[in-house]
Each structure stands twice: as C-alpha cells, then as structure tokens.
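Everything on this sheet refers to the single structure shown next.
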C-alpha cells in the first residue's frame, strides 16, 4: 500500500478554525485580503493592493492510507513569478494553528525556496527529522504574499508550490 496525499488548509479564528482537504492539483487557494480558503476564485473580491499583504495561508500535507513511514518533507515554489514588488514569505515548522494576519507575518518570514531543498524543510511533530507512521499531517506550511508599492496592478503570475516526501 502507499500513502495518499492531499493538501489540507485551515482558516478562520484560532478558537474555531475551518478545515478542509483541498485536493492535489489545480487552483487550490489564492492569496487575498479575506481569511478563507473555501473558494479559491473569490480573490477578485478581496484583492491585495500594492504596499499591503495577503492574509497568511495555513496549509499542511495530509497523508492517509496504509504506509510504514512518511518523512523528509521538502517544500518549494516550483513555478511562477517573480513579480516586481511581490514576495512570498513562508515557514514550515509551526505545530499549532493561530489566527491568520495581514500585518507582516511573524512566522512566515523567509522567502519560499525556488528549487527543491537539499534536506527536509517541513517538520512532523515539530522536528525536521520527524516522521509519521499512520494517517496524519505534516506541520503547518504558512505563507503570506507581501507587496511593495512597486507591485503592478492586476493579477500576479500563477504560482506552483510543490511538497515532496519520502515514503518507506
């Protein structure tokens, strides 16, 4: 048997977040100024104006099925951008959900890698060397789109984010 993977998202307030499996490909979420993942298409109603930030996006890898071990999770931006005046910040080792913010994230502070990292950069149980041996989740992958006044009006590039893992 093999692990089955889907992206998992959480949004809303910390006391009562909404959770959802998002699937494995396609337009799974958008950066926007509304705290939701429920409708990837509603970003046109909640645009990010130049000089402002999106809400943080809180994602996890969700693994189901029968497997021995999932480990060595690596996350990066495999396609899209860069767009002038726009950066995508991220973090991959947070274990507990918190209400997303539009201010400069105190968690998502590093640039998203643009190539597969040489070692794990997403943790399991707060440990980059961690693993799971039954259905479960990676730790959170938190991202935020941050813009400067140099960001052009209109849509940005489409971005593709990749999460790979080892299974044995």
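The values are calculated or read from the model by the stated rules, or taken from the named source; none is laboratory data. Everything numeric in this text was worked out from a predicted model, so none of it was measured. Note: ideal-geometry Cβ built from the backbone for every residue, glycine included; neighbour counts use all protein chains shown.
Annotations
- Residue in the stretch 135-145 that is nearest to the chain's Cα centre (by Cα), counting only those that are surrounded by fewer than 21 Cβ atoms within 10 Å (Cβ to Cβ) and either free of Cβ contacts under 8 Å to residues at least 40 places away in the same chain or part of a strand (DSSP E or B) (or both): 137
- Enumeration of residues in the stretch 120-134 that are touching a residue at least 12 places away in the same chain (Cβ under 8 Å) and either touching a helix residue (DSSP H, G or I) at 6+ places or on another chain (Cβ under 8 Å) or in a strand (DSSP E or B) (or both): 122, 124, 131, 132
- No other residue among 48, 88 is touching a residue at least 40 places away in the same chain (Cβ under 8 Å), over 13 Å from the mean Cα position of the chain (by Cα), crowded, with 17+ Cβ neighbours inside 10 Å and under 19 Å from residue 157 (Cα atoms) apart from 48.
- When restricted to residues that are in contact (Cβ under 8 Å) with a residue 40 or more places away in the chain, exposed (fewer than 15 other Cβ atoms within 10 Å of the Cβ) and either in contact with a strand residue (DSSP E or B) (Cβ under 7 Å, 6 or more places away or on another chain) or within 19 Å of residue 88 (Cβ to Cβ) (or both), the stretch 7-26 contains 1.
- Candidates 60, 77, filtered to the one that is over 12 Å from residue 138 (Cα atoms), at pLDDT 95 or above, within 14 Å of the chain's Cα centre (by Cα) and part of a strand (DSSP E or B): 77
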